[in-house]
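Here's the structure we're looking at; comments come further down.
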Amino acid sequence: MSVRAIAQDAIETGSKIANSVARIAVGATEAVVNAIKSLPFPLNIAAGAATVAALAGIGVSVAGSFGGGGKNDLAPTNTGTGTVLGDSSAKSESIRNAIDALKDVDTVMLSYSRDMAASLKSIDSQIGGVATLVVRAGNIDANAGVNTGFKSNATATMAGIGMAIGGPIGAGIGAVLTKIPVIGSILSGLFGTKTSVIGNGLSGGPQSVGSILNSGFDASYYSDVKKKSSFLGISTGTKYSTQYGAADPGLENQFTLILRQFNDAIVASAGPLGAATGDIQNRLNSFVVNIGKIDLQDLTGEQIQEKLTAIFGAAADGMAAAAFPAVAQFQKVGEGTFETLVRVASTVEAVGASLDLLGTSAQTMGIAAKLGLADQFDSVSALTSAADAYFESFYTQEEQAAAKTAQFAGVFSSLGMVMPETLAGFRQLVEAQDLTSAAGQATYATLLQLAPAFADLQASMEGAKSAADIASERQDLQRQLLELQGDTAALRALDLAKLDASNRSLQQKIYAVQDAQAAASAAKTLADAWTSVGDSIMDEVNRIRGVTDAAGGNGFVALQGQFNAANTAARGGDQDAAKTLPALSQALLTAAAEQATSRQELERVRAMTAASLEATYGVISALGNGTTARPSNRRRAGRSSTACRR
């Protein structure tokens, strides 16, 4: 039979089969096999090919009838699941929920919550930036060199089949069949390989947080490629592969910024939770982030942002769990660990700030106790509102001003500033910010948010100052009145009221010592006064008796007493007393001359004086000749009340 006859017969065979659509649809595979087996070589080759072609022409597929296909060994893509407590298939919503949690606290006055809120706001913005970059870039893939579509190898395959069945002649027949327009066209689709890209996007391998912070995030573009081989339209095998390409440095930088902000937010939570930031940072540095493959194929910009938010949220959950393992005890069903950490840290800080404002020490309260107190209210904001209302109603203006001043001082300290004392100083601080830098913009925004509360503080301080001035003025006037009245007890009561209760007993002891000293001084003053009065009386007595003259000078009797006392002292070894004897002798004789009633009386006094001096001289001479004089013990001549006998 000629080749044309063989081909014609094959076509007729295929046409007959095609006329029985229902039967072929049920036994398509059997039809192919029977067509091949029922005819001798080389008709079996042409008949089989024609049968498959006819089946394909009427919409009956035999693909996959013989099994085949390879094992799918592609790594799964990241969908942001596996970190939500109670639902491993749920996508992480930690970013959005953490942002919502911070809306319940005062992120202006609470410095750590403010830092966490700033980081989360930046993260949300940067994820949107990544989505925008992806959309603008168009195809984020590594398809270079990948030829998608179906590549036919019908000619080679048919030739190989013919060779296997009929040797070289069969090979020729198989090759000729692919050249026949109708059959060749059909056969071209039955033998070959179909290549398709089933996924592409961004990829990031395992990287430690420390290396990301130091060197940046290493990202790649990727494409997952599927190659499916077919024989007679039947799938004989499927192979998968992944190709990688360099990512845009701008995208890598965005990934770095996002993970850095997560790092900063987690470190900021260390403050309220009482953890050392150095320890937290060390744990984070050693934690390995494995983003894996992010399939962005055929996604809209909104879908891309949603997927990235879940994936980065899951990464943050892992970082938070590594940094604060103990926070798991506070995790609620449906929460990711990062969401839990932000909620717990912000709540603890808010509760502590409210207690500090009321003067209640929160240092001894643990995390669980503060969370328990917050749970007594519908929300954290409800707790702080209740505390503020109590503070404003039950505390004096002075107490409120002092507490608010301390609170503001802490806020300004967290900004690296000293709190201004006036509204003008605050304005200067605002106007000094550099609005061309990110740091300056952030500080500027914070100061503007603080401005209303700072103005209220200044107003309350002015009111408290006025009230304090009035009270101080009244106290000064009251003190003056008590001093004029001599009411020491009332004055001391005022002073004691100003002291802390712990110091009042010490002040009362001081008062007791002062009272004793005052009593002793008063007694001495009284005694001195009476002594002075007595002396004046005795002076008059002496004058009357002639001990002193009317002019108040020394009288004879007084000088005689001084002379006698000096003699006695000199004879006892008092050199100073001996030196006064000549002068006393002269004064004595002068007084005797003035007061003697007769010459005989004056001569008698002179003789007695000379004799006394000679006797003293004798004693002194004896001391000078070998007897050591006793230490000088000068005894001043005192008044003598003995009247001179005339």
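Every read-out reported here was derived from the displayed coordinates using simple, explicitly stated rules and does not represent laboratory data. Since this is a predicted model, take the numbers as computed values, not measurements. So basically every Cβ, Gly included, is an ideal-geometry build from the backbone, and we count neighbours across all protein chains shown.
Observations, loosely collected:
- Partner aspartates and glutamates for K91 [C-alpha distance under 18 Å; skip if fewer than 8 residues away on the same chain]: D100, D124, D295, E302, E306, D317, E335, E339
- Relative exposure of I258, I99, I140, judged by other C-beta atoms within 10 Å (fewest first): I99, I140, I258
- Over 26 Å (Cα to Cα) - which of K498/K524; K404/K498; K370/K404 fall in this group: K498/K524
- Which of L202, L85, L435 has the fewest Cβ neighbours within 10 Å, and the rest in rising order: L435, L85, L202
- Remark: T309, T300 ranked as T300, T309, counting other beta-carbon atoms within 10 Å and listing the fewest first.
- Bridgeable aspartates and glutamates around K579 (alpha carbons under 18 Å apart, same-chain partners fewer than 8 residues away excluded): E614.
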